[in-house]
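First comes the structure, then the notes that go with it.
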Amino acid sequence: MNKDTQILIVGAGCFGTSTAYHLAQRGYTHIRVLDPYAPPSCEAASTDISKIIRSDYNEPLYARLAIEAIEAWRSWPLFRGLYRVTGWILSAAKLSVPFVEGSIQTCENLGVQGLERLTTDEVQARFPVVTGLLDGWNINVWNPTAGWAAAGTAVERMAGAAQEMGVKYSFGQSKGRVQQLILDNVSGECHGVVTADGERHKAELVILAAGAWTPSLLDVKGQLTAKGHSVAHIQLTPSEAKRYATMPIMDNLELGYYFPPQEDGVFKMAHSQFITNVQTTKSGITTSVPHTFVQEPADGLPLEIEAQMRRNLWRVLPELADRPFCYTRLCWDADTADRHFLVTPHPDHKRLFLATGGSAHGFKFFPIVGKYVAEMLEGSLDPKIARLWQWRAGQTSIATNLAHLDPEMELNDLTGWKDRQMRERSDSKL
């Protein structure tokens with residue numbers, strides 16, 4: 001691949017931004033990124049106030065990559081002030097217990113220091129701010145090396161650095177929203193994309209890094225599913241923020257996860273059971289399609305989801321369980337059945353490549369994942385990694401040692417979410 005190859009990247013989230021940055025660092029001079037929003041793209045899963053950064057994996061590849069990424073989070077000037085090491089409690093109720101057990105073994109094998117198994121009594125003794133009974137927290141491991149990063153700011157900084165190196169960005173609902181790929185009717189070769197304004201963007205190489213929107217643009221043969229992760233914030237008082245600042249990240253893979261508050265007193269929590277939204281797109285693809293509150297600002301969390309999130313919070317911090325949410329979001333990512341990324345050439349469309357499949361764990365690799373995408377493009381990616389990340393349509397995952405094994409819920413089977421925020425705003429004025 002020549003350094004002057006015309007490269008088009010669809011998507012300015014974790015994979016797209018990191019890829020643009022690393023390609024520019026390698027001297028590629030004709031790179032353009034398309035996204036409906038300026039970086040950090042407000043609909044991308046990576047745009048958030050915080051994301052967990054940890055090395056706990058039962059799959060050695062991701063544990064090794066996470067250790068590499070953590071070093072970047074710690075040492076790169078680009079991320080100065082964005083990474084906080086708070087430690088975390090990784091836990092599970094039932095289905096994800098094998099994942100936690102495997103993660104402990106993998107971390108120990110790689111020399112991660114400080115891991116401890118804790119009973120719920122020991123968790124409460126070490127962190128008295130955790131006042132709940134922790135019922136359902138049936139296996140717990142303390143990892144003092146884990147923390148969180150200010151995700152949206154990190155993406156914004158790296159996108160800025162990429163632009164300083166010459167990467168061009170086209171964003172906006174017309175200029176940046178890709179409607180379709182340009183595929184040759186005979187050869188199937190990809191020649192570029194068409195955006196909502198009708199412009200045909202030609203390129204010698206197209207990288208589809210559109211996250212949860214990828215299966216709406218391309219038939220990926222069932223390899224990716226757009227899943228929404230329910231997120232909520234609670235605004236704490238200054239005194240409360242000071243009190244909860246001593247808590248670690250608490251993550252039960254089946255009962256939700258909880259962050260220590262931000263400096264502005266915002267306490268973030270998220271639900272561990274994901275949502276799908278199956279539709280048939282204009283291109284005739286039947287798949288789960290993201291439904292965001294950016295697109296539909298009147299909508300809100302389904303009532304059933306909020307109720308479960310509050311029940312789960314009661315297990316950890318019961319005094320907060322009835323507090324109003326000051327912000328909610330459905331954060332959409334592209335999940336694979338085996339949780340491996342999809343970083344691969346397309347087998348039928350030459351010059352088209354995929355860099356996606358974050359599967360609710362991809363952001364921690366943000367500093368380095370673009371390096372591996374660049375290696376894939378250049379043909380130098382480690383064959384063992386390439387095999388795990390290859391196009392694998394038709395393969396069935398039967399793994400029982402994965403995180404987040406709860407069955408997904410279909411959005412249209414849930415209640416109360418349509419126009420919820422609009423209704424509640426109206427009620428508050430009465």
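Evaluated against (1) under 18 Å from the mean Cα position of the chain (by Cα); (2) crowded, with 19+ Cβ neighbours inside 10 Å, ILE49 falls short on exactly one condition, (2). You will find that of SER380, SER359, the residue that is surrounded by fewer than 16 Cβ atoms within 10 Å (Cβ to Cβ), out of contact with any Leu (no Cβ under 6 Å at 6 or more places or on another chain), of a type in the set (Ser, Thr, Tyr) and not in a helix (DSSP H, G or I) is SER380 and no other. Residue check: PHE79 meets all listed conditions (1) farther than 18 Å from ALA161 by Cα; (2) in contact (Cβ under 8 Å) with a residue 60 or more places away in the chain but one, namely (1). When residues in the stretch 130-146 are screened for being surrounded by fewer than 15 Cβ atoms within 10 Å (Cβ to Cβ) and either within 28 Å of the chain's Cα centre (by Cα) or within 30 Å of ARG74 (Cβ to Cβ) (or both), 1 of them pass. GLU375 meets the conditions (1) outside the structural domain of MET158 (by TED's automatic domain parsing); (2) part of a helix (DSSP H, G or I) in every case but one. The failed one is (1).
Of all residues in the stretch 257-279, those being free of Cβ contacts under 8 Å to residues at least 60 places away in the same chain, outside any loop (DSSP other than H, G, I, E, B) and within 18 Å of ALA92 (Cα to Cα) number 2.
When ALA209 is tested against (1) in contact with a helix residue (DSSP H, G or I) (Cβ under 6 Å, 6 or more places away or on another chain); (2) in the same structural domain as PRO318 (by TED's automatic domain parsing), exactly one condition is not met: (2).
Any residue that is in a loop (DSSP other than H, G, I, E, B), free of Cβ contacts under 8 Å to residues at least 24 places away in the same chain and small (Gly, Ala, Ser) - is there at least one of those in the stretch 280-290? Yes, there is a match, as at least one residue in the stretch 280-290 is in a loop (DSSP other than H, G, I, E, B), free of Cβ contacts under 8 Å to residues at least 24 places away in the same chain and small (Gly, Ala, Ser).
The rows are residues; the columns are (1) aliphatic (A, V, I, L, M); (2) under 22 Å from the mean Cα position of the chain (by Cα); (3) not assigned by TED's automatic domain parsing to the domain that holds ILE285.
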site: GLN163; (1), (2), (3): no, no, yes
site: ILE182; (1), (2), (3): yes, no, yes
site: GLU199; (1), (2), (3): no, no, yes
site: LEU217; (1), (2), (3): yes, yes, yes
site: ILE234; (1), (2), (3): yes, yes, no
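The values are calculated or read from the model by the stated rules, or taken from the named source; none is laboratory data. Treat the numbers as computed from the prediction; the structure is a model and nothing was measured. For neighbour counting, all protein chains shown are included, and Cβ atoms are generated from backbone atoms with ideal geometry for every residue, glycine included.
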